[in-house]
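The values are calculated or read from the model by the stated rules, or taken from the named source; none is laboratory data. All values derive from a computational prediction rather than experimental measurement. In this analysis, Cβ positions are derived from the backbone assuming ideal geometry, glycine residues included, and neighbour counts consider all displayed protein chains.
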Amino acid sequence: MRTFPPYRAQVVTEIPITTRPQREQALAAAGYNAFNLPANMVTIDLLTDSGTGAVSTAQEAAATAADRSYAGSESFFRFRSVLSELTHYPHILPVHQGRAAERVLFSAVLAPGRISLSNTHFDTTRANVELLGAEARDLPCAEFGDLDSREPFKGNIDLAAAEQILTGPDGNRVGMMLVTITNNGGGGQPVSMANLRAASKLCRAHGVPIFLDAARFAENAWLVIQRESGYQDKTPREVAEEAFGLVDGCVASLKKDGISPMGAFIGLNDAELAQRCETNLIATEGFRTYGGLGAHDLDRVAQGLREVLDPNYLGARAAEAARLAQQANDAGVDIVQPPGIHALYLNAGRLLPHLPASRFPGHALACELYLEGGIRCVELGSLYLGTLDEHNELVTPAPFELVRIALPRRVYTQGHFDYVAEVLADIAKNPERVPGYRIVEAPATLRHFNLRMAPA
Ligand SMILES: *Cc1c(COP(=O)(O)O)cnc(C)c1O
């Protein structure tokens, strides 16, 4: 299939071009933490695909015409109507971003001692489960553990493990199942409809509610169409509708597949649960017709959700990710296979075998991409997931040492990605030159956002 992006740039933003000495100075001043870098020192920003997508002229036109009424705003009705058509949930609550949706829903479903089962809880998702005194258990499928395997649905939840918990001594403590599509914490891999259907059946048999964390519902639908038999002839909208229909409700950040700078929602079937969420929402986020969002955000999201399900858009975006994955492979850098859509995960552990986990090879590669090319991305390895002792020395490494290259929606073109591939290839020519890093200062919570590092 021939693909090309079904849009053109009409307004552009200049990007900063810096010298290596300037970048060395900026990174040192940032304590070798990409989250501390000022954006005007970053040339290609691949830190996240969240809230970073380029909005369309149609979205901006809708935002300009937004209705800022406190109650009963037309913007809310447009927001709700797009989401009801997509999900068919009778209850749609706006919230300012995904983590607020998590907090509001989980506080109505979980309690201290309860268990949440997931293919993988995203970091804020886990934090919101744990803040309630509940326990977040990740049950990724076995195929996920093999980075090189090309199994099509490595984002699936391990249903045998879930069933064992549900029928075991902890069974009556399980408060919910949350299936993340695509599995962001699990390499951006998709979840199959067969897995979701079976998960739903299992949960219903045990009287446990099941929800989607649907931040990338459109990208998951696209990968289902490409990879799952029986779905080839369906549209992304049909697949997404089916996914929402298999579960009791969802939380979703709309900063991803809503292609908007801000926004999220909770969708629910159950009226009583929705009522409890709404009370919490009004007390902590905003009235039920805006939930902490500006009217312009409600309208940007409503339009973004219409655009994101366009097969031409999803096909071009998937092709962009696949092409960059191929370029990385050609440069001798392994990535987590098969490539997903919203990000590529570079296997830094394999590229930099001279660095032990305690010298954080993922972080080392991420720093090198910045120093060499002004490219900002983030480690997903022992720095993020490992455990440290009181001297900030690594005690338990993460199972993998990865770097996540996130791909903002509609922002960069092939020329930018060719540049990223060239920088990566240059690093891969002499990987032994990449230095390791040590931790200088690490706060106890939300470590990766706030730590300070130094070359070892
Ligand atoms: C981004 C994300 C969240 C949190 O959403 P925010 O809008 O950033 O608060 C939750 N789950 C997943 C899978 C995400 O990717």
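With respect to (1) loosely packed, with under 14 Cβ neighbours inside 10 Å; (2) among the polar types (S, T, N, Q); (3) in a loop (DSSP other than H, G, I, E, B), the lone exception for Thr48 is condition (1). Entry remark, segment 64-79: residues being surrounded by fewer than 21 Cβ atoms within 10 Å (Cβ to Cβ) and part of a helix (DSSP H, G or I) number 4 in total. Filtering segment 225-245 for residues that are hydrophobic (A, V, I, L, M, F, W, C), outside any strand (DSSP E or B) and farther than 27 Å from Gln337 by Cβ leaves a non-empty set.
Against the test of being closer than 14 Å to Asn119 by Cβ and within 16 Å of the ligand (Cβ to nearest atom), the options Leu212, Leu202 yield a single qualifying residue, Leu212.
Mind checking which residues of segment 15-35 are surrounded by 19 or more Cβ atoms within 10 Å (Cβ to Cβ) and either outside any loop (DSSP other than H, G, I, E, B) or on the phi > 0 side of the Ramachandran plot (or both)? Within segment 15-35, Arg23, Ala26, Leu27, Tyr32, Ala34 qualify. If only residues of segment 255-271 that are over 19 Å from Glu307 (Cβ atoms) and assigned to a strand (DSSP E or B) are counted, the one that is nearest to the ligand (Cβ to nearest atom) is Ile266.
Run Ala127 past the list (1) within 15 Å of the ligand (Cβ to nearest atom); (2) touching an Asp or Glu at 6+ places or on another chain (Cβ under 6 Å); (3) hydrophobic (A, V, I, L, M, F, W, C) and report the number of the one that doesn't hold. Failed condition: (2). Just checking, does segment 218-238 include any residue being at pLDDT 95 or above, among the basic types (Lys, Arg), closer than 20 Å to Leu305 by Cβ and within 15 Å of the ligand (Cβ to nearest atom)? No, because not a single residue in segment 218-238 is at pLDDT 95 or above, among the basic types (Lys, Arg), closer than 20 Å to Leu305 by Cβ and within 15 Å of the ligand (Cβ to nearest atom).
In this structure, does Ile335 turn out to be within 15 Å of the ligand (Cβ to nearest atom), within 18 Å of the chain's Cα centre (by Cα) and buried (at least 21 other Cβ atoms within 10 Å of the Cβ)? Judged against the criteria, Ile335 is not a match. Scanning segment 27-46 finds one or more residues that are under 18 Å from Phe449 (Cα atoms), of a type in the set (Val, Ile, Thr) and not assigned by TED's automatic domain parsing to the domain that holds Glu219. Hey, could you check segment 90-122 for residues that are within 15 Å of the chain's Cα centre (by Cα) and within 20 Å of Asn156 (Cβ to Cβ) and say which is nearest to the ligand (Cβ to nearest atom)? In this case the residue turns out to be Phe122.
Against the test of being of a type in the set (S, T, N, Q) and either part of a strand (DSSP E or B) or crowded, with 24+ Cβ neighbours inside 10 Å (or both), the options Asn172, Asn220 yield a single qualifying residue, Asn220. So is Ala252 assigned to a helix (DSSP H, G or I), small (Gly, Ala, Ser) and either within 16 Å of the ligand (Cβ to nearest atom) or without any contact (Cβ under 8 Å) to a residue 40 or more places away in the chain (or both) or not? In short, no. Here the strands (runs of 3 or more DSSP E) wholly within segment 80-145 that include at least 3 residues being closer than 14 Å to Leu281 by Cα and in the same structural domain as Pro209 (by TED's automatic domain parsing) are 91-95. Screening segment 401-456 for strands (runs of 3 or more DSSP E) wholly inside it with 1 or more residues that are exposed (fewer than 14 other Cβ atoms within 10 Å of the Cβ) returns the ranges 437-441, 452-455.
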